[in-house]
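One structure is given here, and the rest of the page talks about it.
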Amino acid sequence: MHRRLLSAAATGALLLGLAACGETTEGPVTTPPPDLGVEAPSDGGGDSPTASDGGGESEEPTAEAPDIPAPDPADFAGMDEHTAEGAEQAFKYYIAVSMWAHQTGDDSVSNDLTSQNCDTCSSFMETFRELQDHNDTWGEFSLNDASLEAHKSENFDFEVAYDFTTTPHERPKDDFSGRVNVGELEYSTVGGMTWTEDHWKLEAISAEWGDDVLG
């Protein structure tokens, strides 16, 4: 199964299609993504998720959240600079902290990076809220970059396309009746980034992810 997150803007236009319906993403993004199709808001804070797929099951219904540190902004050099590279690093940092939230149950960092008008950020973090409701988390994993590229946008300063994979880990089943082991998962994401005074804000996001590729 290939899953995707695609939301509609207030104008009724689709935000962003990373691939045509039913298609999977095989390899890095090589062409500029279409414009997100909404007016770029100004500022704020919101929240944002992600989905699950899995293989082997475990009898353990829940697991203690991994005690892991939050991503270090110092590892995302230039994310505070008003440049294309800065937009890339700022979006990559957002993805890192949102994935960290799924592992720890703490979304406070990701909230600080998004606009309060980013409805798609809330959709992106829907799975996280489900984890919170069930007092559960994903197991510990790391992200491996596949591609990262910023493109000029009509509605935002930049649209940043970021492809990555997550290493194998454990997650609760969709109905939270137990846990499953998932292999490496492929993600394709695009974020609409706007510069506000002295930092980047995420104004919109679209994402899709596929089955584990390791089985």
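The values are calculated or read from the model by the stated rules, or taken from the named source; none is laboratory data. Quick caveat, the model's predicted, so the values are computed rather than measured. When we count neighbours, we look across all protein chains shown, and the Cβ atoms used for this are built from the backbone with ideal geometry, even at glycine. In case anyone asks, the SASA skips ligands and DNA or RNA and just uses the protein heavy atoms, side chains included. Shrake-Rupley method; radii C 1.70, N 1.55, O 1.52, S 1.80 Å.
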Got a number for residues in the stretch 160-175 being within 17 Å of F128 (Cα to Cα), of a type outside the set (S, T, Y) and open to solvent by less than 40 Å² (accessible area, probe 1.4 Å)?
3
In this structure, does A87 turn out to be surrounded by 15 or more Cβ atoms within 10 Å (Cβ to Cβ) and either modelled with pLDDT of 95 or more or in contact with a His (Cβ under 7 Å, 6 or more places away or on another chain) (or both)?
yes
Given the structure, is F141 touching a His at 6+ places or on another chain (Cβ under 9 Å), open to solvent by 10 Å² or more (accessible area, probe 1.4 Å) and either within 21 Å of T166 (Cα to Cα) or in a helix (DSSP H, G or I) (or both)?
yes
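Is at least one residue of the stretch 196-210 hydroxyl-bearing (S, T, Y), open to solvent by less than 20 Å² (accessible area, probe 1.4 Å) and over 15 Å from the mean Cα position of the chain (by Cα)?
Going through the stretch 196-210, the residues hydroxyl-bearing (S, T, Y) turn out to be 196, 206.
The next check asks that each one be open to solvent by less than 20 Å² (accessible area, probe 1.4 Å); those that pass are 196, 206.
So of that shortlist, the ones also over 15 Å from the mean Cα position of the chain (by Cα) come out as 196.
Yes, some residue in the stretch 196-210 is hydroxyl-bearing (S, T, Y), open to solvent by less than 20 Å² (accessible area, probe 1.4 Å) and over 15 Å from the mean Cα position of the chain (by Cα).
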Set V160, V190, V182: member being in contact with a His (Cβ under 7 Å, 6 or more places away or on another chain) and of a type in the set (A, V, I, L, M)
V182
Test F128 against the criterion of being surrounded by 18 or more Cβ atoms within 10 Å (Cβ to Cβ), of a type outside the set (D, E, K, R) and either in contact with a Gly (Cβ under 6 Å, 6 or more places away or on another chain) or part of a helix (DSSP H, G or I) (or both), and give yes or no.
yes
